[in-house]
Each structure stands twice: as C-alpha cells, then as structure tokens.
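Values in this text are rule-based calculations from the coordinates and carry no lab data. Just so we're clear, the structure is a prediction, and the values are computed from it rather than from any experiment. Heads up, the Cβs are rebuilt from the backbone with ideal geometry, glycines too, and the neighbour counts pull from every protein chain shown.
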Amino acid sequence: MDTTLIDAVSKVDTAFKFIFGISFIILFLITAVTLYFLYRYSRKRNPEPSQIEGNLVAELIWTIVPCIIVGAMFWYGWVGYKALREAPADSYEVKCTARMWSWKFEYPNGKTSDKLYVPADTPIKVDLTSVDVIHSFYVAAFRVKMDTVPGMHTYVWFNSGEPAEYEIQCAEYCGVRHSYMLSKVVVVPKEEFDKWLNASSSATEAPNEGEEVMKKHGCFDCHTTDGTELVGPSFKDIYGRDTVVMENGKEKTVKADDAYIEKSILEPGADIVKGYEDMMPPTEVSKEELAKMLEYFKGGGKPAVRAGAKGAEVAEREGCTGCHSVDGSEMVGPSFKGLMDRKTTVLKDGKKMEVTANVEYIISSIKHPSEYVVDGFEPSMPEYESLSDDDMKALIEYISTLK
Amino acid sequence: MSENHEHQHHILSIKTAGIILVLLLLLTGTTVAVSRIDLGFLNVAVALTLAVTKALLVILFFMHMKYENRFMQMIVFLCFLLLAIFIGMTFFDLAYRGG
Amino acid sequence: MSNTHKDYAGAKLGMWLFLFTEVLLFGGMFVLYAAYLHEYRADFHVGGKQLDVFIGTLNTVVLLFSSFAIAAAITFIQQGKKKLAVNFTYLTIACAGIFVINKTIEWRAKFHHGIWPDSPHLREMSHGENIFFGLYFLMTGLHAVHVVIGAILLSVMVWFMKKDVINQQDFVKLENAGLYWHIVDLIWIFLFPLFYLVL
Amino acid sequence: MSNNSLSFWEDSGSSRSGIMAWLTTTDHKRIGLMYMYIILAMFIAGLCLGLAIRLELIAPGRTIMDAQTYNTVFTLHGVIMIFIVVIPSIPAAIGNLVLPIQLGAEDVAFPRLNLFSWYLYVGGTLLALVSLFTGGGAPDTGWTFYVPFSEFTTTNVSVAVIAVFILGFSSILTGLNFITTIHRLRAPGMTWTKIPLFTWSLYATGWIQVLATPVLGITVLLIFAERVLGVGLFDPNKGGDPILYQHLFWIYSHPAVYIMILPAMGVVSDIIPVFARKPIFGYKAIAFSSLMIAFAGSLVWAHHMFTSGMSDTAVLIFSLLTFVVAIPSAIKVFNWTATLYKGSISVEPPLLYALGFIFLFSVGGLTGLILGSAGTDVHVHDTYFVVSHFHYVIFGGTGFGMFAAAHFWLPKYYGRMYNKKIAKIAFYILFVGFNLLYFPLFIIGLEGMPRRYYDYLPQYQEGHVISTVGSWILAVGIIIMLVNLWRGFTKGEKVGRNPWGAATLEWATPTPPPLLNFDEEPDASRKPYDFRGITPDE
Ligand code: HEA
Ligand code: HEA
Ligand code: CUA
Ligand SMILES: [Cu+2]
C-alpha cells in the first residue's frame, strides 16, 4: 500500500497520542502533588502555615512552559488537519447528497447508490452537499467528518485501503431520524468495483445477497457463474434443469429444485453430479443464507426480479425509506404498507377531507407533498418534482405490492 | 470610593453643540455627494470613514465622552473594538472560503 | 454610604454599559451585513438604488438635529433653564415623530412595489437583493423600534422635569435618556450610508 | 448603620410581610436566595431529564421513549441546564448573596434593577416552560438552535427563543449591576488589589455578560424573525448562509462557557486559602487571568465550527487562539495547587468540593485541548467525547463550584450548619458516580459514537451501560447532599460570625447578616487572605 495514503489517519492519531500523553502526565502530577500536600501539610502535621504570597519565578515558569506545550499541541493538531484537507490530485471523486435521512452517492458515470462503494487502495474524495438541513458525513475509521451544508459544497477525502466495510454516521443533528441516518463505505477490489460501476441494470446495483453469502463460504473457489468449469459445475442456469447424478454408483436424473439444491449444499456427498468427484466439503449455512442462495440460483446467477424490486431500490435511493416504513409501523410519514387504494384523511389548505389513495393521489403526494397533508403528520416531506417517470412508475408498482 | 474625583460636571456649551451639528450636517452632505461618484471599492471605505467621523463627533461631544475619565473612554473604545473584532474575525472564514 | 441612590458616576457607568449592549445587539446584524455585502456586492448596489435617498437623507438630518436638541436640553437643565430644557426635549420627541412618519411613508412605498419580507416579488429577485431587503427591513425595523422606545423614554423625562424629579442638581436621568437617544442616532449614522448609499 | 439585632430574614425593610415582602424586596440577599430556589428547582428538573436520557441510552433501540421525545428531552436538558441553571447559578444566586458584602457595600448599585432582573429571569423560565406545552410541541433543535433545522421544524421553537432572549436580558442586567457595584460601592480602603478573588471573577464575568450576551439576543431574535417572516437570512434557498448563524451563535456561546466557569473559579480561589490558612498564591496572577480569560475567550468562538465548512484559514486562526485561552486556566490551576504548599490544611467539606472541582475541571479542560486541536477535533466533534468534555467542565466545574459555594457560604445566610460528615460522604459518592457516568463517554466518543443519537450501533453499548449505572450513583450522591444541606439549614447547629475563620468582609458581619449587611463599619483595608489573628468561632 502506498504509505502517503495512510498518512492522514496516522497524523491525526499522532496528535491524539501527543495531547493525551502530555495531558495525562500533567493531570497525574497535579493530582499527586495535591494529594501529597494534603498529607504533608495537614493541620496535624503542619499547624503553622507559612505566609507565602507568591513567587515570581515559579509563576513565570508555569506560564511559559504551558505556552510551549500548547504551541506544540496546536502544531500537531494542525498537521493532522492539513493532512485531512489535502486530497491528492488523482483522487477518485464521488458526489454525495445528504437529505433527511439518507445518503445518496453519485459516481462519475452518473450511477447512484445509497452506500458508498469505492475501489480499494485509492484516495477517495467525496464532494458533499445537502438538499434540506445540515447533516454531517462521518466515517470514524478514516477520522473524517464534514458537515453537508445546503447551498454549499464541502468535501472529505480518505484512502480506501483494503476491502472492508466502514460505518457512515450522520454527525450533525438533523431531526427525528438523525440516529438512523446511517450508511456504509464499502471498499471492494478495483476490478470488482469497475464491474459494479459499469453494470447497467440498476437491479444489480448492490451485489446481491446470495452472491454475498456464497462468497463468504468460498463457493466461488470451485464454481463459476458464467458457464466455465472449475472444480465443480458452473452455477449458470442451474435452477430447474435436469441433472444426471450418481446415487450409490447408479445414474439417476433429477430436477434441480429447492430440495435438491438444499441437499447438495448440506450433504454434498449424497448425490454426486456425473463427471465430478466427491470433493465438495459440507457447509454449515443458516436457514436465511440458504434462502438467499436459493433465490440467487432461481435468478440464474442473478437475483430474481421480484415485482417492485426496482421500486424498492428507488425508494431506498431517494430516501423514502428514511421516513416511510414498509411494514406498517409509523415513522415520520405514513407507512407504505397497504397504502395503495386506502382511504386517508388529509388536510388540503387547512381543511379536512377524505381521499382514496389512488395512483394520481400518490403521484401528487410525491411531487407536491404539501398539497395533501395526511392528517396527524407534519408537512415535512420534501418535494420530489424531478423524479423521472421511470422511477415514479417503479415506485408506484412497488407501493402497490405492499399489501 | 476610589473614583470620586468627578462632581465638576462639564457643561457642553450651546455654541459647541451648534458647531458640532453643522459639522455633522456638512459631513452628511459630503457622504451623499461622494456616493454619487463612482470610486469603486473606495466608496465603501469613504462612506464608512465619514460615518465613523460623524460617530466620533456624536460620542465625544454630544455624549460628553471627551470630558469623561480615562476609564470610561477606554471601555467605550473596548466595546467598539470588540465589535470590530467580531466582524473582522468572521472574515477569516468568509474571505477564504473555497480557497 | 447613603449615596447608593444618588451615585451620579454609577448611574452613568450603568447607562454606558447598557449602551454597549445596544451597540453589540446591532453589532450582530452588522456582522451579517458585512458578510453579505462581501458576498453580494453587485446585488446590494442594485438594491440600494431602489431605496429613496431623499427620505434617507431627510431622516438623517432629522436625527442629527434631534441629537443636537437633546444635547442642548441637557446643557439647559445644567444651566437651570428648565423651560428651555423641556422645550428642547419636546423638539427631540417631535423629531422622533417625523422620523417615524418618514419611515412609514418609505416602507409603505416599498410595500406598494411588492417588496416586503418574503414577498413573491422579492423571491423572484436575485438572492443578493432578497438578502439586502431582508436586512433593510430587519435593521431599520429594529432601529425604528428603538426610536419609538427613545421617544417614550424622553416623554417620561419631560414628565420628570415637570415634577421636578429632574432639576439643575439632579439631571442624570435626562442625561442617560439623552445618551440612549444619541445611540439611536449613532446607529442610524451607519445604517444610512450602508443602505441608501451602497455602491 | 442599621438595627443590628435583626437579620435580613426578619427585617424586610418594607411594610409588607410574608411572601409579598420577598417578591418586592430589593435586598440583594433575598434576591440571591430567590434566584437560588428557582435555579435549584430547575436544576433538579434538568437532572431528571439527564437521568431519562441515560435510561433511554442503556440499550440500543427504544427503551423508555420514542425518538421525537428523546430529541425534545435532550433539547430541554440542554436549554434548562445552560440558560436557566448554569449561567445564572453562581453569579445570580451566590454572587448576589456574597458580592456586595465582600465589597463592604449595603447593596448592589441598582437594587431595583436587580429585582427586575429576577423577574425577567422568572419570566424567561416560565416562558420556556410554556413552550413545552403549546404550539407544535416542545422544541427539538438541541440547545444550539442550528439553522436551517430550527427554521423548518414545526415544534415550538419561536417561543423558546424568545424565552432565551429574555433570560439573556436578565443576565445582561445582572452583569451590568455587578460591574457598577464593583466600581462604585467598594468600602473605603478596598483598593482593587484587595478585592476578594470571587468578586474579581464576577467582575470579569460581568463584562462577558454585558458584551457577549447581546449577540445571543439578536441571534435568537433573528431565528424568531425568520420563522415568522421568512426573510431567508440563513436559508440557502433565499441566498442566506447557515454558517453565519453558527458564527453569531458561538460569538456568544463560547464566551458564555466562561460566564459559567469564571465564577466557579472565583469560588475555589476564595475557599482554598481559608482551609490552607495561608494567602492565595499569586493573587494578581489569578485576578488578571480572569480578565485574560474573559478577553481571549471572546476570540475563539469558531472552534465549535471546525467541521462546519468554514475556511481552513479560519480553522488555523481559531485553533491557535483556543490554545491561548488554555494558558490563564493553567495558571489558575497551578496557583491553587501552590496555595496548598506549606499550608495548614484541614479538609472541610467546602475544600473537598473545591478540590473535586480542580480535578474534574482539569480533566474537562485538558480534553478541551483535544477539541481545540483541529485535526483531532474533526474526529471527535459532535461525538460523545464533546458531551463528556462539557459535562466535566460544566458539571464537574461549575456544578462542583456551586456545591462548594453552597457548603462554604450558605451556613452564613441560614445561620446553621449542615452535618459535615454526611457532606463528605456525599462528596465521595458524587465523585465516583460522576467519573463512572462521564468517563466511559470519552471512550465511546473516541470510538465514534455521535451525540444526539436516540439509537446507536451495538458496539457502543458497553460504555453506555456503565455510564447509565454511574448516573444512578451520582443521583444517590446528589440526593444525599441536598437532603443534608436542607436538614442542616432548617435544624442544624447555629453558627457564629465566622465558622471557617475566613478573612473577607462577609464573615465580619453578624450571622445571618442584617438588612444593610453591617452592624459596624467594616475594615476593608485588610488583605482578603491574611488569616493571621483570625480564628474560627464555631
Ligand atoms: C464551563 C464550560 C466550559 C469550559 C470552561 C470550557 C473550556 C474549554 N473548552 Fe469547551 N465546551 C463547552 C463548555 C466549556 N468548555 C461546551 C458546553 C461545549 C459544547 C457545546 C455544544 O456543542 O453543545 C464545549 C465544546 C468545546 C469545543 C468544540 C468541540 C466540538 O464541538 O467539536 C472546543 C474546541 O476547541 C472546546 C475547547 C475548550 C477549551 C480549549 C477550553 C479551555 O478553556 C480549557 C482550559 C483548561 C485547562 C487546559 C485545564 C486546566 C489546566 C491545567 C490542568 C494545567 C495544564 C494545562 C496546560 C499545560 C495547557 N470546547
Ligand atoms: C449544568 C449542565 C448539565 C448538567 C448538570 C448535566 C447533567 C447530566 N447530563 Fe447533560 N447536557 C448538558 C448539560 C448538563 N447536563 C448540555 C448543555 C447538553 C447538550 C444538549 C444538546 O445536545 O443540545 C447535555 C447533553 C447530555 C447528553 C447527550 C445527549 C445526546 O447528545 O444525545 C447526555 C447523555 O448521556 C447527558 C446526560 C446527563 C446526565 C446523566 C446528567 C447527570 O448529571 C444527571 C444525574 C441525575 C441526577 C444526579 C438526578 C438526581 C436526582 C435528583 C436531584 C432528584 C432529587 C429530588 C429531590 C431531592 C426532591 N446530557
Ligand atoms: Cu442527518 Cu443527522
Ligand atoms: Cu467553546
């Protein structure tokens, strides 16, 4: 790894160590001296106090020495700060827009996501702004924090280092869901990042969960997803096909359904696909993981496109889920669950009225939320006028799946 | 009491007050006149200099500060100095933003 | 130690301290003004052109004269010429009245042009002009409030003079009210060029 | 001189009696006590809110309240503690009780104005309470009222900021009154170098109150104006700059932290020599450093804004100046410690609390250095590290200073002594509880736990649990302390003029002091920390 890149964190940490170190010594000395005086000059041991009014030399010393100490502290702190501010010229730039209460990241090619994906071992510069109130982009691991100010652009930079995930937290109080305004920096190997960046379908925007699980268990050490053969058969189009297996030495054709795949994972030795060796180790996987994998296989190596999946993504990306739940619970706004076609009491220009939440109503609620304000809620939803028609369609479709 | 050397109140003569008023009016005229000429950045500087001059006249004579003791003069100065500091130091931010 | 209630220097010191708070109260707004002037030089210029320099100048003259009048009133009370003192205080109050009337005329004219805080017309103008007029209304408004308070204060002083609470020996109340009035004038001395004459 | 047989409790100086005599009094001692009672009530309310915060945070997710309630709770906790409790605490309550007597005066310079300040204080407090129950619900902005959030939120911020304006006005008038009193009403012989250090610290505080508070006044008025008129001075959509708001806010609120700490430092400077029975070490340095803190403290406000998006140049300047303010505080700490050297120390409760102050304030102040240093502040800004810092300086500093002052001076005014042993036990419980409560917060702050978080990531839970347990211990300590004081002042042993053997003028008057403070002309030419020939007279 390029050593100049880890500099900012280490310089800041040096400042921490320096100031803490000196502070600890000073605190210790003051406490120790005080306790000693309390003991040594207690009324019992020293009934007659000396009348000392001061001592110029001593006072000069403890004025000048602290001046030098704090001068040094300032310097270390400033060096650390400078390192945090001076982004290398070749930094990879990502735009970040904060809004109540979610983050949106935009990459140079126009792709957007709600987590910050970055290539490993690269200096990353994040350009920050906000559309409503002040938030603050905080990644503790990189020692970076910067407010996102509406109407202004600020930035942070950090070196992404090795593939890993780090928490992003909102560090400036921004309202009721401030503490849920979380996201992640996901550092992925460069090639993988490029692949992800250029994948056109937004449906694969997030690496899909089944794949994630299999990566974890190392499945891809032996299986591919593109039809080529490694140690085991490829996963390409595996679901539902007829497979010839050897059961106790006899050939048999089975359909690769849920039960079959499950068994293949949990007891790999039971039936061996013809032409392969009994090499696959049994794997401990949880129920959820299994379900994710199955979904992955059903999608032929891609996640199954559920109805509304795209809408769910849009909702995530546009921050709807920052305020609306999908499970019926009430957050800042009404839940999306059962929203389609329900009857709602709304306030229009201060007057109460009953409406049915049909498609037009929902579109209007999204584009001009303040027109109909649902009774019992604050008119705090931002306007989403510039939402594309595609996204709007997806959202509506998504909402109508949430019965 | 330590600061009891007052009790000879200074009385501002009507004549002095009148002169100050005339000066103030003249300065006002000058300010308006100068603002008609385009001096670029200097306009603000000139306008403020004239305003400060007027303010000084008011403080020193109408408000009797010329005849007050040192301490009073000092704290008045301190007050305006502090305001200047507040404005000036804010510009450490504003003047260097985005640079 | 019975001078607690007749401590001339103490009363003046207290008043000056209070004046400092007024200076810094407006000071906060001057900080904003300076900052936005820096940011929106051109727009402030455009905004300033839309203010009525005549009324502004007139009001400046009125306030300067009123400052003179109250200073004179104090001189007269110190000289024992109470009648004159009262009359000059009346004069000051009259100036305050003229000032407020002018201000009302001026603001009314602005309202007629569709300019008031957050008015639709203002929202269509540039950001800088919106800020300029925002500051204009808030600062001159706050100042006008002080003019009114000052006038009330001076009216009380007239009453005190008539009751002989204020007299040739004990005039610190009038002096302090005068100081307050001068501060009001002082602030206007800055508001005037900053709004009506910005370039 | 006045009738010396009656104390200010019995002699109201007016024909009114009972509660009316109190509500119309201009006697500084009565006004001081009236401040104290309200401050105490609000302090307890604020503490209970603190306790509620801790309880909610004991585990991630919902524990006892929902997110919106949590936000209003910490806002109230902050507003009450800062504007209603700590800023007026020592100056308005103890200052009123002690300052005029220390100077050898009969009252403050403007007694009626003093009463007016109290009414403003009460009015502001009531209005703050009104804001809880009216309009769109209790404010949820945090005590800093940051825009644009404070302009958008539909909660009752408008009323709350007006309350803050009124409280600020009250604070200004108190400061103005004290400055004038110190200049004009010193007894003959009381030269500037004989003024007790507590009064000196109030002098420096007074200047901050007069010169900084108006800026807060205009700032909150602007929030109000923005909410009502929508001018847009801070709204980027209308050309405003939200960061300017932060400048204005901190131009006041940083100096305000010195309004909080200076009087407590004065208390400690007055207490330590008494129990060491020797003159304070470096009187002039301590007095002068108060003025330095007041002045230099006005120049560092933007250290609260290192991550706000202001320019790097400003970060450089304000970080540097922040370190400059640490120097006068350091001088004071060293001088206090040196005062103990070769003294004849008896560890009575006031001294114990004063020493507690020194330790806790030092911890808070030294962590302030981490915050003042730009690079490190970026990491810990708006995390629990800051929360811990300011509780150490405010509660550990001003709070313990207030407790020390109460144990030191109140027996004089109530004429009775509390149980010293219980007072000491309470101190130790407080001290342990305090550190248990706040120290873990430093650690989770360093790990990245942001403040004003209703919910948090599981890795921070351990620190939160310890901290919550600490808050219970602290609560026990506070209750013991308060009950002990209350019992002492109602039923305790009677005390004489000078129970501690102190040398400042307030101890030369009868206990409790009479209406006009002195029964005989005080000798103000004596040095305030010259204990030779003075013995405690319990
Ligand atoms: C009583 C109140 C009080 C006091 C006295 C202080 C004192 C100091 N404070 Fe603190 N501060 C607050 C109350 C206070 N603070 C509050 C309420 C906040 C948060 C506001 C909010 O956001 O809600 C805050 C926040 C705050 C910040 C902003 C943090 C952030 O939000 O990112 C900073 C940054 O510089 C800071 C610095 C300091 C410094 C350098 C001192 C110094 O004055 C400390 C000086 C003291 C010492 C240094 C210790 C004693 C000396 C010695 C033991 C001798 C040895 C010392 C040396 C050799 C130097 N404080
Ligand atoms: C004087 C100032 C002061 C004091 C004393 C305290 C006291 C306490 N505070 Fe603090 N606090 C602030 C000032 C103060 N606070 C400020 C300014 C903020 C920032 C707000 C903001 O972000 O806007 C803050 C924020 C704050 C937070 C951060 C909230 C967040 O960011 O999400 C937390 C969390 O732990 C907290 C906790 C506590 C606790 C546990 C106490 C404990 O000390 C309380 C312990 C409780 C007791 C000791 C109760 C004792 C019981 C009684 C007294 C009843 C007795 C009754 C009778 C005898 C009749 N406070
Ligand atoms: Cu966004 Cu806090
Ligand atoms: Cu500060």
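Take every Cα pair under 8 Å whose residues are at least 6 apart in sequence, average their separation, divide by the length of chain C, and the relative contact order is 35 percent.
Taking only complete DSSP H runs, can you tell me which helices of chain A stretch 30 Å or more along their own long axis by Cα positions and average at least 0.0 on the Kyte-Doolittle scale? Helix filter hits for chain A: A:7-40, A:56-85.
Extending 7 Å from the Cα toward the beta-carbon at both A:Lys263 and D:Tyr119 defines two label points whose distance is 9.2 nm. Label separation (B:Ile37 vs D:Leu6): 7.4 nm, computed from points 7 Å beyond Cα along the C-beta direction. Within a straight-line Cα-Cα reach of under 23 Å, D:Lys29 can be paired with the following lysines, leaving aside sequence neighbours fewer than 8 residues apart in one chain: C:Lys6, D:Lys194, D:Lys412, D:Lys491, D:Lys494. A DSSP coil position with no more than 10 other Cβ atoms inside 10 Å describes the following GluC sites (Glu not before Pro) in the stretch D:423-532: D:Glu520.
Which of rounded, prolate, oblate describes the stretch B:15-67, given a ≥ b ≥ c as roots of the alpha-carbon gyration tensor eigenvalues and a/c under 1.5 marking rounded, otherwise prolate only if a/b is larger than b/c?
Oblate is the answer for the stretch B:15-67, as a/c is 1.5 or above yet b/c matches or exceeds a/b.
Comparing A:Val131, A:Val65, A:Val186 in a Gaussian network model of chain A where C-alpha atoms under 10 Å apart are linked, the largest mean-square fluctuation is found at A:Val65.
In this simple spin-label approximation, D:Trp472 and A:Lys115 carry label points 7 Å from Cα along the Cα→Cβ vector, and these lie 3.8 nm apart. As a ratio to 2.2 N^0.38 Å, the alpha-carbon radius of gyration computed for the stretch C:88-188 takes the value 1.40.
Beta bridges assigned by DSSP with both partners in the protein assembly as shown are antiparallel in approximately 80 percent of cases.
For an R0 of 25 angstrom, estimate the FRET efficiency from the Cβ-Cβ distance between B:Ile19 and D:Leu291 and round to the nearest 0.05. The computed FRET efficiency comes out at 0.05.
In order along the stretch D:387-397, phi translates into HN-Hα couplings of 4, 5, 3, 7, 5, 4, 6, 7, 6, x, x Hz, rounded to whole numbers, per the Karplus curve 6.51 cos²θ - 1.76 cosθ + 1.60 with θ = phi - 60° and x for Gly and Pro. Under a Gaussian network description of chain A, with springs only between Cα atoms under 10 Å, the residue in A:Thr148, A:Thr253, A:Thr344 that fluctuates furthest is A:Thr253. Applying a DSSP loop filter and a limit of 11 other Cβ atoms within 10 Å to the chymotrypsin sites (Phe, Trp or Tyr not before Pro) in the stretch B:1-84 leaves B:Phe41. Working from Cα pairs under 8 Å separated by at least six residues, relative contact order for chain A is 11 percent.
The long axis of helix D:283-296 is offset from the longest Cα principal axis of chain D by roughly 30 degrees. Tell me, how many Å apart are the Cα centres for the stretch A:54-97 and for the stretch B:21-71? Answer, in whole Å: 43. Using only side-chain charges placed at the Cβ, +1 for Lys and Arg and -1 for Asp and Glu, the dipole size of chain C relative to its Cα centre rounds to 680 debye.
For the peptide D:68-77, the mean number of other protein chain Cβ atoms found within 10 angstrom of a residue's Cβ is 2. A full extension of the chain between C:Leu58 and C:Lys83 corresponds to an added length of 6.2 nm, given 0.36 nm per residue minus the alpha carbon distance.
Dipole magnitude for the stretch A:92-198: computed about the Cα centre from +1 point charges on Lys and Arg Cβ and -1 point charges on Asp and Glu Cβ, it is near 200 debye.
FRET efficiency for the A:Ile52 to D:Arg112 pair, using the beta carbon distance and R₀ = 45 Å, is estimated at 0.55.
Using the Karplus relation 6.51 cos²θ - 1.76 cosθ + 1.60 with θ = phi - 60°, the per-residue 3J(HN,Hα) values for the stretch A:332-337 come to 7, x, x, 5, 6, 5 Hz, with x marking Gly and Pro. Under 18 Å of direct C-alpha separation, and excluding same-chain neighbours fewer than eight residues apart, C:Lys81 reaches these lysines: B:Lys15, C:Lys162, C:Lys163, C:Lys173. Counting only alpha carbon atoms, the long axis of helix C:172-191 and the longest principal axis of chain C meet at about 20°.
Per residue of peptide D:318-325, the mean number of Cβ atoms on other chains within 10 Å of the residue Cβ is 4. For the pair the stretch C:77-127 / the stretch D:105-155, the C-alpha centres are spaced 30 Å from each other.
Which residue fluctuates most in the GNM of chain A (Cα springs below 10 Å): A:Lys236, A:Lys250, A:Lys44? Sorting by GNM fluctuation, first place goes to A:Lys44.
In the stretch A:298-403, what GluC sites (Glu not before Pro) fall in a loop by DSSP, with at most 16 other Cβ atoms inside 10 Å?
Here the sparse-neighbourhood loop sites are A:Glu330, A:Glu371, A:Glu383, A:Glu385.
Give the separation of the Cα centroids, the stretch A:372-393 to the stretch D:505-531, in Å. Distance between centres, Cα-based: 71 Å.
Projecting the Cα atoms of A:Val285, A:Thr14, A:Thr345 onto the charge dipole of chain A, computed from C-beta unit charges around the Cα centre, puts A:Thr14 farthest toward the positive end. In sequence order, the stretch D:454-459 has phi-based couplings of 6, 10, 8, 6, x, 5 Hz under the Karplus curve 6.51 cos²θ - 1.76 cosθ + 1.60, θ = phi - 60°, and Gly or Pro positions carry x. Only helices enter the 222 nm calculation for the protein assembly as shown: every DSSP H run of n ≥ 4 contributes -39,500 (n - 2.57), and dividing by all residues gives -19000 deg cm²/dmol, rounded to 500. For chain D, the equivalent ellipsoid built from the Cα gyration tensor has semi-axes of 37, 25, 23 Å, listed from largest to smallest.
List the relative contact order of the stretch A:64-173 as a percent without decimals, with contacts defined as Cα pairs under 8 Å and 6+ residues apart.
Value for the stretch A:64-173: 24 percent.
Computed from the Cβ-Cβ distance with R0 of 30 Å, the FRET efficiency linking A:Glu277 to A:Glu165 stands at 0.25. Peptide C:74-80 has a mean of 3 when you count, residue by residue, the C-beta atoms of other protein chains within 10 Å of its C-beta. Between A:Arg241 and A:Ile22, the contour length at 0.36 nm per residue exceeds the Cα-Cα span by 71.9 nm. Note on A:Lys348: aspartates and glutamates with a C-alpha under 14 Å away, same-chain residues under 8 apart excluded, are A:Glu371, A:Asp375, A:Glu378. Assuming charge only on the beta carbon of Lys and Arg (+1) and of Asp and Glu (-1), the dipole of the protein assembly as shown about its Cα centre is about 5360 debye to the nearest 20.
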